[in-house]
1. Going by amide H atoms built from the backbone, whose H comes under 5 Å of the H on M45, apart from near neighbours?
2. Can you list residues from other chains, or at least 5 along the same chain, whose modelled amide H is less than 5 Å from the amide H of L69?
3. What ³J(HN,Hα) values, in whole Hz, does the Karplus curve 6.51 cos²θ - 1.76 cosθ + 1.60 give for segment 185-193 when θ = phi - 60°, with x put for Gly and Pro?
4. Tabulate in residue order the Karplus-calculated ³J(HN,Hα) for segment 10-19, using 6.51 cos²θ - 1.76 cosθ + 1.60 with θ = phi - 60°, rounded to whole Hz; enter x for Gly and Pro.
5. Counting DSSP beta bridges with both partners in the chain, what percentage is antiparallel, nearest 5?
6. What's the extension gain from D235 to A203 if we count 0.36 nm per residue and subtract their Cα-Cα distance?
7. First select every other residue whose beta carbon is under 15 angstrom from the beta carbon of T38; then total the charges, Lys and Arg +1, Asp and Glu -1.
8. Determine the sum of side-chain charges near A110: Lys and Arg each +1, Asp and Glu each -1, restricted to other residues whose C-beta is under 15 angstrom from that of A110.
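Derivation of every value follows stated rules applied to the coordinates shown; laboratory data play no part. Quick caveat: nothing in here was measured; it's all calculated off a predicted structure. Ideal geometry is used to build each Cβ from the backbone, glycine not excepted, and the neighbour counts take in all protein chains shown.
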Amino acid sequence: MAADVPSASVYLEDLTWTELQGRIAAGSTTVLVPIGGTEQSGPHMVLGKHNARVHFLAGQIAQRAGGVLVAPVLAYVPEGSIDPPQAHMRFAGTISIPDAAFEAVLEGAARSFKQHGFRHVVFLGDHGGYQPLEARVANRLNRAWASDPSCRVHALAEYYQVTQSLYVAGLLDKGFTRAEIGTHAGLADTALALAVDPALVRAGALTTAAQAGKRGGVYGDPRRATAALGHIGVDLIVDSSVAALHALMQAPTNSGPSPTIPQK
């Protein structure tokens, strides 16, 4: 009987513990921790949009970067007050946890990966609200491990920042307005979802979403979103993230703190 062939997947969930141990020993010592969130994205996009998107993009980044693996997606994140409900919690299906619980999960994951031999633990956040929390955990752990240079934790700011800068600029260049591009569940957000997996979007609800606007959890106009427009964003996210990842993997392990992200 032929011997089993070890999985070539970059996703930890697809590996056995012995396969993972072998990959680490062979030099795959950087792990991405993809962070999504379960929240409303209008009547036209599924609640797990962030989770599906960051899972896919983290895999693309890991494959391009080389020597990088991907942890399971963190789908429970801070989304604001539960009672009384604020922000996305006003819509059915959004799940919110306290900041302290979120930070504790990130810290526990990072400590686990350090124990297993990873040299770089990289938080990859798909949502704007918790970006400063990622950086805070990374900085706290790096201070705690200052005398032990074997592992460093990073909040990869470029992954999220490009969606707010270069991607928006690219859509503006194509003639779309800022009001149409939007900040949540608008054209940019919906196009990214279509590029990752068309099943994330209910095409028949795009007009309803645009008409509902803020009342329906939509900040922008998704009606002209296409997968082709989304692929512009996908390419920018992957390119920027891989470049940043290579830079931090090559930097001394005692390099400076993770940057905080200004809120939009």
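1. It is R202, by chain and number.
2. Long-range HN contacts for L69: T30, V31, L32.
3. Rounded to whole hertz, the list is 6, x, 4, 4, 4, 5, 4, 4, 4.
4. Result, rounded to whole Hz: 8, 8, 4, 4, 8, 10, 7, 5, 6, 5.
5. On the way: 2 of 18 bridges.
DSSP beta bridges in the chain are roughly 10 percent antiparallel.
6. Numbers: separation 32, 0.36 × 32 = 11.52 nm, distance 2.31 nm.
Result: 9.2 nm gained on full extension.
7. Numbers: positive: K49, R53, R90; negative: E39, E79, D126.
The answer is 0.
8. On the way: positive: R111, K114, R119, R136, R140, R143, R152; negative: E103, E107, E134, D148.
Overall, the nearby charge balance is +3.
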